[in-house]
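These notes concern the structure reproduced below.
Each reported figure results from applying straightforward, stated rules to the coordinates on display, with no laboratory input. Since the structure is predicted, the reported quantities are computational estimates derived from the model, not experimental observations. Cβ: placed from backbone, ideal geometry, glycine included. Neighbour counts: every protein chain shown.
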Amino acid sequence: MDCDKCGDEAVLHAAYSGLHLCESHFRRSVEKRVRRRIREDALLADDATPEDPETWVIGLSGGKDSVVLTRILQDTFAEDPRVELVALTIHEGIEGYRDRSLEACLDLADPLGIRHEVVSYEEEFGLRMDDVAREDPEGMAPCAYCGVFRRDLLSKYAEEFEADKLLTGHNLDDEAQTALMNVLEGDVSQIAKHFDASLGSFEEREDADEAFVPRAKPLRDIPEREVALYAHLRDLPTHMAECPHASEAYRGEIQELLHGLEENHPGTRHSIMAGYEELAAVVAERYRGEGGPDLGECERCGATTTGEYCRKCQLVEAVHEADAGVDAD
């Protein structure tokens with residue numbers, strides 16, 4: 001098929017829009033949508049100046065999403081003194097997996113001159129995800145532990161680097177899956193938290209909880225398949241292997257459901273997110289007005305929590321206790 005814009009050979013047919021796009025117009029389309037999302041989310045504050053720039057921390061894993069996000073942000077703001085980009089990579093301690101993805105991070109960040117920081121579960125918590133998956137003291141999927149640990153470190157170091165925003169590479173598929181899961185689970189409070197954490201314009205989220213560095217997801221309009229194609233066409237250094245501990249069964253079911261719906265009804269993911277974001281904004285405003293649980297500091301690490309100890313510290317202790325029990329045996 002030919003490109004609808006110029007007649008060159010098309011590399012993509014976007015069923016949801018009906019467009020056939022060549023490599024050049026496809027790349028421009030992705031970049032345009034990401035930059036439009038940055039504008040619509042008011043990601044760059046009006047009062048940012050070269051003398052007082054904003055610091056944006058990017059969660060760079062080496063996977064296609066975070067690599068594409070980092071590259072587009074660098075292309076967009078390399079000459080803009082109002083923005084400083086910092087790439088943050090978290091090494092979970094997964095043998096034969098994270099070391100290779102770290103190489104991809106270095107191959108991307110170093111030539112671009114982006115400040116790149118690396119932290120690890122082993123240094124921070126004294127454990128590795130391989131150990132967690134083996135011990136599993138809480139009877140949970142490894143992804144559940146890893147999600148808690150990763151969020152904790154992203155938040156901790158975003159604060160340490162005095163970040164104004166924390167950016168992650170969640171794409172359209174990721175966000176539509178999360179939206180559908182929240183709705184199907186009937187978790188209204190989580191819908192409100194989702195909005196205040198990372199959806200909508202920062203002008204809409206101005207009354208959200210200020211205890212955390214606010215998050216943004218500039219790729220959330222881009223389907224996963226298009227992110228992968230963009231990374232391939234630009235020959236970006238990416239680590240495409242799946243984590244050996246990945247086992248989110250429920251999300252996998254939602255993913256398959258959405259794939260089927262999108263194939264039969266192109267545009268389903270976009271429709272879900274358009275309606276969900278509007279709904280989430282209303283719910284978030286209501287929950288802010290009613291107030292939430294009292295927030296305090298974890299007695300072990302000082303992180304913000306609603307209880308005596310934060311969830312991260314609870315899990316770290318459980319893993320260490322399980323490991324000690326194995327050693328004693």
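List of remarks:
- Intensity falloff of the chain expressed as log10 I(q)/I(0), Debye formula with alpha-carbon point scatterers, at q = 0.07, 0.13, 0.14 Å⁻¹: -0.30, -1.11, -1.30
- Each of Arg33, Arg98 has some number of other Cβ atoms within 10 Å of its Cβ, and from fewest to most they run Arg33, Arg98.
- Alpha-carbon centroids, region 237-269 and region 44-94: separation in whole Å: 26
- Approximate spin-label separation Glu160-Asp235, in nm, with each point projected 7 Å along Cα-to-Cβ: 3.6
- GNM top mover of Glu135, Glu51, Glu175 - the chain, alpha-carbon springs below 10 Å: Glu51
- Stokes-Einstein D (µm²/s) once Rh is taken as the Kirkwood radius of region 71-148 over alpha-carbon pairs, at 25 °C in 0.890 mPa s: 170
- Estimated 222 nm signal from helices in the chain, with DSSP H stretches of n ≥ 4 weighted -39500 (n - 2.57), rounded to 500: -16500 deg cm²/dmol
- Along each principal axis, Cα extent of region 124-201, largest first, Å: 38, 35, 22
- Kyte-Doolittle mean at least 0.0 and Cα axial length at least 24 Å: DSSP H helices in the chain: none
- Net lengthening on full extension, Met1/Ala249 (0.36 nm per residue, minus Cα-Cα): 85.5 nm
- Across Val57, Val11, Val30, mean-square fluctuation computed from a Gaussian network of the chain (C-alpha pairs under 10 Å connected) peaks at Val11.
- Theoretical gain in end-to-end length, Arg115 to Glu263 [0.36 nm per residue, Cα-Cα removed]: 49.2 nm
- Ranked Phe125, Phe212, criterion: other C-beta atoms within 10 Å, fewest first: Phe212, Phe125
- Pairs from the list Lys32/Lys165; Lys32/Lys64; Lys5/Lys165 with a Cα-Cα gap above 29 Å: Lys5/Lys165.
- The ranking of Thr305, Thr70 from fewest to most other beta carbons within 10 Å of each one's beta carbon is Thr305, Thr70.
- Taking the empirical scaling 2.2 N^0.38 Å for compact globular proteins as reference, region 1-40 has a Cα radius of gyration ratio of 1.21.
- Residue-span extension gain [Leu295 to Arg28] - 0.36 nm each, minus C-alpha spacing: 91.7 nm
- Of all DSSP beta bridges confined to the chain, the antiparallel ones make up roughly 25%.
- The convex hull drawn around the Cα atoms of region 47-205, when projected onto a plane and averaged over every direction, covers 10.9 nm².
- FRET efficiency estimate (nearest 0.05) - Cβ-Cβ, Leu279 to Ser17, R0 25 angstrom: 0.55
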